[in-house]
Amino acid sequence: MNTDYDVIIVGGGPAALAAAVYTCRALLKTVIFEKQYVGGQLVGTDLIENYPGFPEVISGVDLIQRMEAQARRFGVEIRYEEVMKLQVENGLKIVTTDTGTYGSHAVILAAGAEPKKLGVPGEKELYGKGVSYCATCDGAFFRGKDVVVVGGGDSAITEAIFLTKYANTVNIIHRRGEFRATKIYLDEAMSNPKIKVAFNTIIESIHGQDKVDGIVAQNVITKDKKEMPCQGVFVFIGSVPNTGFLGDLLCVDVGCHIETNIHMETSIEGLYAVGDIRKNSYRQIATAIGEGVTAAIAAEHKLSELRALGKEKKIDLGKTKKED
């Protein structure tokens with residue numbers, strides 16, 4: 001088992017990178033485990049207008065690249081390994097990835113979330129063939145096409161606006177009678193002639209052979225159904241936190257979100273949760289970063305306490321280790 005790291009961070013999104021900046025600046029040897037790519041859902045966000053310090057619009061890709069560069073400058077190590085399991089033995093947190101086992105007294109869970117699925121016929125079969133959960137990633141494939149966007153929050157509206165750069169028409173389907181999105185985004189969307197809206201409507205099925213060629217939509221009030229030709233279906237109805245690797249280690253709510261205290265610490269000492277996997281998180285970039293910073297500072301304090309108590313014997317604190 002590798003016990004070289006003072007702090008282990010699971011996930012590579014904004015909360016993780018913010019935490020890494022603070023732990024590395026505190027001279028704590030830090031590793032980030034990310035199974036795919038740094039950035040998480042932020043990579044798929046085209047339009048960011050509300051992140052402090054950027055009066056101009058910035059893309060998710062640009063913002064995350066700056067965050068990653070900053071974290072690397074302070075010395076974080078990023079390993080592209082998938083975390084399969086987390087265990088706790090005598091206070092030591094043991095992280096098992098698809099290639100190795102690592103131990104640390106401080107672990108920050110920042111594993112993010114996955115897009116929620118509609119769960120309708122055709123969605124799974126046509127994923128990557130017209131069904132998408134990332135307009136920024138796939139929008140360019142739909143030049144001159146008719147597409148559908150499902151959802152009513154900020155993500156759905158901003159991604160619908162983005163899709164108008166390419167698509168011929170963008171039909172927003174929302175199950176409720178009004179949107180939950182921010183007014184500034186709604187004003188821009190509603191003034192765009194390419195965007196049309198169907199309220200109180202759900203998708204009953206997605207159809208097509210090798211690619212999407214339409215959907216069946218149903219009005220939830222009148223129960224009327226209609227076929228709607230389209231070549232793309234973009235789904236933005238929320239996300240599910242990535243907590244499967246925890247098993248029954250933590251008490252989690254029905255939605256699998258992890259409870260923490262004000263220091264982002266879970267019910268297990270030295271184990272922290274930040275960002276989209278945390279219960280009652282606002283799921284904003286700025287708040288995720290704040291949570292990551294809070295967890296990092298709390299972890300630093302926790303490791304200092306363990307050193308003072310003489311309990312930390314299985315981990316090499318490197319430059320931070322104090323001689324008796």
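The values are calculated or read from the model by the stated rules, or taken from the named source; none is laboratory data. Since the model is a prediction, treat every value here as computed from it, not as a measurement. So basically every Cβ, Gly included, is an ideal-geometry build from the backbone, and we count neighbours across all protein chains shown. Ligands, DNA and RNA are stripped out before the accessible areas are found, and what is left, the full protein with its side chains, is counted by its heavy atoms. Shrake-Rupley method; radii C 1.70, N 1.55, O 1.52, S 1.80 Å.
A few comments on the model shown:
- Contour minus Cα-Cα distance for residue 182 and residue 85 (0.36 nm per residue): 31.1 nm
- Rounded to the nearest 5, the antiparallel percentage of DSSP beta bridges internal to the chain is 45%.
- Percent carbon-and-sulfur accessible area, segment 45-119, ignoring ligands, DNA and RNA, probe 1.4 Å: 45
- If you sort the three axes of the alpha carbon gyration tensor as a ≥ b ≥ c, you get a/c of 1.5 or more for segment 154-263 and a/b above b/c, which makes it prolate.
- Look at the alpha carbon pairs under 8 Å that are at least 6 residues apart: their mean separation over the length of segment 20-87 gives a relative contact order of 47 percent.
- The residues of the chain expose on average 50 square angstrom of accessible surface per residue, using a 1.4 Å probe on protein heavy atoms.
- Of 196/226; 29/93; 124/211; 145/165; 165/211; 29/302, pairs whose Cα-Cα distance is over 18 Å: 165/211
- Relative contact order (%) - the chain, alpha-carbon pairs under 8 angstrom, separation at least six: 22
- Proximal aspartates and glutamates to residue 183, defined as alpha-carbon separation beneath 20 angstrom and excluding residues fewer than eight positions away on the same chain: 46, 49, 56, 154, 159
- Percent accessible area from carbon and sulfur atoms, segment 253-292, protein chains only, probe 1.4 Å: 56
- Fraction of alpha-carbon pairs over 30 Å apart in the chain - percent: 41
- Protection proxy ranking of 59-71, 189-201, 35-47 - average other beta-carbon atoms within 10 Å, highest first: 35-47, 59-71, 189-201
- Helix 60-73 and the longest principal axis of the Cα set of the chain meet at an angle near 10°.
- Calculated FRET value between residue 210 and residue 137, using beta carbons and R₀ = 25 Å, to 0.05: 0.80
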